[in-house]
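Here's the structure we're looking at; comments come further down.
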Amino acid sequence: MLVALFNDQFVDMVGETTREEWYLKNQSGQLRCPVCQNKVIPKCGTKKTWHFAHHSFVECDGFHEGETDYHLLGKKSLYRWITQMEEKTILEYYIRAIKQRPDLFIQENQHAIEFQCATITPEDLRKRVSGYVSQNIASDWIFGMKRIKQKGPDLYIMNSSDLSAAKKDSNGHLYLNHYCPLKEQFLLLRNIIPLSQKKVAAHGHAFSAKKCCDVQWLSRTFSNLETHNVNHKILWKKQKNTWRMTAFKNVSPAVMYIKKVLYFNHHSLTLFPSIAGIPTKNFFHFETSPYLWQTYILFLMEKLPLSLFSSNFIEKEFQRLLHRRIFQTRDFPYLNESWRDAVEHYLSYLVNHHLLEKVSEGTYRKIQHVYYPKTLDEALKLDEIFSEKS
Ligand SMILES: [Zn+2]
């Protein structure tokens, strides 16, 4: 941690205090943890960013002894960045009511900012976001740049759980922010489209911290360049291709289940309908690839004895598969919708493509048969057509 109490006054490792001064303060025995009030000692070595550590192991809600240097450095660097704009920012502010200590807290706007370098589970993330919400505090997550790797134009590999912290911009696109304390540089990831568990297509905008002169930059949008959209389309088509080419060897529960279902109905998953595997609105609420759950919707429609059906019926069937962990969803504490909206939007997509007709709210009628390609060549050609349409 970077903050301690000295004679009941806050002191921090961000200012100009020298090593000798810290050691003098330490000798007086008056350096304490602001959270648990136990003794802390200043660590002013040459290898790691200067910080405080508890004198002995104690149970403490502010316990950050496992903090890496990268995290300490980032926190310090982001604090300096933010105090240029928002003077009343508090480092490691402890909110006793919820026992949470955001890395940075902008007092005026009641805005907590976390610099996340370690993996946080979606459950823990949701808990912490709810904690802030309960205190009417806005929150944002900035991830360490070490947690993301660029693999090509607009293509990134990231930790799957980090995606949970994504927010939506005014156009409904997902966004996230990363920061590198070594280069003092932000990577603002916009228009994120998850391609698989760890792979995302996104527009990355890199800026030095000096150029981002407003906290609003964390949510800022950029005008969409045509090349970016072309890249997104190419990446999606490539992914769809991969799904077809690897379905035979993929043994995930969802793939095994859909394969079996199709097999007993004389279809092969490699030749799934081209109208499945579409990045329809909110599709990312499923971690299960869209070609699987969308193919399953098409399959259910085909098997219905009547042409009329309700979206409720599909939801129930999905709930069953989610319960059995055959399908997986993603949790987004900052978003209001869920996988149900993904299903609803896919049904609307089928209405737009004249496979369904909407009879009334939640009720649909089949008006066309689902077409399964006969050969891989035909499938790829049809994919091309749907890629242009969607
Ligand atoms: Zn403590």
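The values are calculated or read from the model by the stated rules, or taken from the named source; none is laboratory data. For clarity, every value in this text was computed on a predicted model and none was experimentally measured. Using ideal geometry, Cβ is built from the backbone for each residue, glycine included, and neighbour counts are taken over all protein chains shown.
Worth pointing out:
- Yes/no for TRP243 being assigned to a helix (DSSP H, G or I) and buried (at least 21 other Cβ atoms within 10 Å of the Cβ): yes
- Region 50-71, subset surrounded by 16 or more Cβ atoms within 10 Å (Cβ to Cβ), at pLDDT below 90 and in a loop (DSSP other than H, G, I, E, B), residue farthest from the ligand (Cβ to nearest atom): GLU67
- Scanning region 8-43 for residues being part of a loop (DSSP other than H, G, I, E, B) and either touching a strand residue (DSSP E or B) at 6+ places or on another chain (Cβ under 9 Å) or small (Gly, Ala, Ser) (or both) gives a total of 13.
- The listed residue being surrounded by fewer than 16 Cβ atoms within 10 Å (Cβ to Cβ) and under 30 Å from ILE106 (Cβ atoms), out of LYS210, LYS238, LYS249, LYS233: LYS210
- Residues in region 318-357 that are among the basic types (Lys, Arg) and surrounded by 15 or more Cβ atoms within 10 Å (Cβ to Cβ): ARG330, ARG340.
- For region 202-210, the condition holds for at least one residue, the condition being that it is touching a helix residue (DSSP H, G or I) at 6+ places or on another chain (Cβ under 6 Å) and assigned to a loop (DSSP other than H, G, I, E, B).
- Qualifying residue in region 26-33 (condition: of a type in the set (A, V, I, L, M, F, W, C), touching a Leu at 6+ places or on another chain (Cβ under 8 Å) and in the same structural domain as GLU114 (by TED's automatic domain parsing)): no
- Those residues of region 72-104 which are of a type in the set (Lys, Arg) and not in a helix (DSSP H, G or I), in sequence order: LYS88, ARG96, LYS99, ARG101
- Every residue from region 171-198 that is over 13 Å from the mean Cα position of the chain (by Cα), closer than 16 Å to LEU218 by Cβ and either modelled with pLDDT under 95 or surrounded by fewer than 22 Cβ atoms within 10 Å (Cβ to Cβ) (or both): CYS180, GLU184, GLN185, LEU187
- Members of region 366-390 found to be outside any helix (DSSP H, G or I), surrounded by 12 or more Cβ atoms within 10 Å (Cβ to Cβ) and hydroxyl-bearing (Ser, Thr, Tyr), listed by number: TYR371, TYR372, SER390
- Restricting region 105-117 to residues that are touching a helix residue (DSSP H, G or I) at 6+ places or on another chain (Cβ under 6 Å) and not in a loop (DSSP other than H, G, I, E, B), the residue that is surrounded by the most Cβ atoms within 10 Å (Cβ to Cβ): ALA112
- Among the residues of region 118-149, those that are part of a strand (DSSP E or B) and surrounded by 14 or more Cβ atoms within 10 Å (Cβ to Cβ) comprise SER139, ASP140, TRP141, ILE142, PHE143, GLY144, ILE148.
- Within region 18-43, the set of residues being away from the ligand (no atom under 15 Å from the Cβ), closer than 19 Å to ASP69 by Cβ and surrounded by fewer than 19 Cβ atoms within 10 Å (Cβ to Cβ) comprises just one member, ARG19.
- Selection status of ARG190, under 25 Å from TYR291 (Cα atoms), of a type in the set (D, E, K, R) and not in a helix (DSSP H, G or I): yes
- Yes/no for THR46 being more than 14 Å from ASP103 (Cβ to Cβ) and either among the polar types (S, T, N, Q) or in the same structural domain as TYR179 (by TED's automatic domain parsing) (or both): yes
- Residue within region 79-100 that is at pLDDT below 90, of a type outside the set (Phe, Trp, Tyr), within 24 Å of TYR132 (Cβ to Cβ) and not assigned by TED's automatic domain parsing to the domain that holds GLY144 present: no
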